[in-house]
């Protein structure tokens, strides 16, 4: 059996599930469980399609780490509904979804899928660390373009990109990144830094859009060399040099914010994707019965039990 690790950007997937499955899907007592059902269906599809042997549900222990906010105060600021002095700020999450998050964690635990987070870090950082350390091929499942920076054809690290929906998944390799953006995956973090990203509150370099960012990276290779050329007045117009000078403070800190961590201490845990035995199946179906999720749970169990290449 070929070993393959699948890393789930869990919040990205359960948000997608919440908005993709009607909120009329409820348990017997009327509690919404559409996000739970949707996530179970997503996992069943992923296991069936890509046949991972190992899986980790990567978790946002802190969706907006203070150390990133200290560097760029606008980082994800538009998503904050409450600032918390002694812990993570409260993210804007619909109440019916927030109520389902503990049930999602219970579902993952019931299936024996490792759920891993890290204090003061996002799921992206957990994914970056696990993908970098992996000794087997890796599939990263996400709707977040930021994780394109981890794509590595030489190590067979791919992104299964969900932005176009679960019925139209896209396998992102370096070739795909080049075709989409005109930069290699290894340059994507610098590209995002230059271009900016309104969804994350990253301003970018004013006046430098996607085409200019790609062109500069094609010419100079990386952000460090671009900045050196701008300061030396080599290979770029006076107008572009002026834009880089104006963005100097932002560019001093943005690369640390945009780059995902790759060196977290995550402790020891088993990433093996289990094959449910009779007892595990009984526990899973007991959970499913309590939440009126029998059909979705049966699909997941069947996917886990199926032969893998």
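Of the residues 28, 109, which is outside any loop (DSSP other than H, G, I, E, B) and over 20 Å from residue 159 (Cβ atoms)? Working first, answer last.
Working: 28 fails: outside any loop (DSSP other than H, G, I, E, B).
That would be 109, the only listed residue that is outside any loop (DSSP other than H, G, I, E, B) and over 20 Å from residue 159 (Cβ atoms).
When you scan segment 91-106, how many residues do you find that are under 19 Å from the mean Cα position of the chain (by Cα) and either part of a helix (DSSP H, G or I) or more than 30 Å from residue 205 (Cβ to Cβ) (or both)?
Restricting attention to segment 91-106, the residues satisfying the condition of being under 19 Å from the mean Cα position of the chain (by Cα) are 91-93, 97-98, 101, 104-105.
Now restrict to residues that are either part of a helix (DSSP H, G or I) or more than 30 Å from residue 205 (Cβ to Cβ) (or both): 93, 97-98, 101, 104-105.
Of the residues in segment 91-106, 6 are under 19 Å from the mean Cα position of the chain (by Cα) and either part of a helix (DSSP H, G or I) or more than 30 Å from residue 205 (Cβ to Cβ) (or both).
If I ask for residues that are out of contact with any strand residue (DSSP E or B) (no Cβ under 7 Å at 6 or more places or on another chain) and either within 24 Å of residue 2 (Cα to Cα) or surrounded by fewer than 21 Cβ atoms within 10 Å (Cβ to Cβ) (or both), which ones from segment 118-136 would you list?
119, 120, 128, 129, 132, 133, 135 - these are the residues of segment 118-136 that are out of contact with any strand residue (DSSP E or B) (no Cβ under 7 Å at 6 or more places or on another chain) and either within 24 Å of residue 2 (Cα to Cα) or surrounded by fewer than 21 Cβ atoms within 10 Å (Cβ to Cβ) (or both).
Counting just the residues of segment 77-107 that are in contact with a helix residue (DSSP H, G or I) (Cβ under 6 Å, 6 or more places away or on another chain) and farther than 22 Å from residue 292 by Cβ, which one comes out surrounded by the most Cβ atoms within 10 Å (Cβ to Cβ)?
91
Quick check: anything in segment 48-70 surrounded by 15 or more Cβ atoms within 10 Å (Cβ to Cβ), within 20 Å of residue 292 (Cα to Cα) and more than 18 Å from the chain's Cα centre (by Cα)?
No: segment 48-70 contains no residue that is surrounded by 15 or more Cβ atoms within 10 Å (Cβ to Cβ), within 20 Å of residue 292 (Cα to Cα) and more than 18 Å from the chain's Cα centre (by Cα).
With the checklist (1) closer than 30 Å to residue 4 by Cβ; (2) more than 25 Å from the chain's Cα centre (by Cα); (3) assigned to a helix (DSSP H, G or I); (4) touching a residue at least 24 places away in the same chain (Cβ under 8 Å) in hand, flag the one item residue 290 doesn't pass.
The failed condition is (1).
Is it the case that residue 119 is out of contact with any helix residue (DSSP H, G or I) (no Cβ under 8 Å at 6 or more places or on another chain), within 17 Å of residue 304 (Cβ to Cβ), in the same structural domain as residue 284 (by TED's automatic domain parsing) and without any contact (Cβ under 8 Å) to a residue 60 or more places away in the chain?
Values: out of contact with any helix residue (DSSP H, G or I) (no Cβ under 8 Å at 6 or more places or on another chain): yes; within 17 Å of residue 304 (Cβ to Cβ): no; in the same structural domain as residue 284 (by TED's automatic domain parsing): yes; without any contact (Cβ under 8 Å) to a residue 60 or more places away in the chain: yes.
So residue 119 does not fit the description; no.
Six or more apart or on different chains, Cβ under 6 Å: which pairs go from a residue in segment 52-65 that's at pLDDT below 95 to one that's part of a strand (DSSP E or B) and surrounded by fewer than 23 Cβ atoms within 10 Å (Cβ to Cβ)? Could you list them?
From segment 52-65, the pairs are 63/91.
The values are calculated or read from the model by the stated rules, or taken from the named source; none is laboratory data. Computed from a predicted structure; not experimentally measured. Positions of Cβ are backbone-derived with ideal geometry, glycine not excepted, and every protein chain shown enters the neighbour counts.
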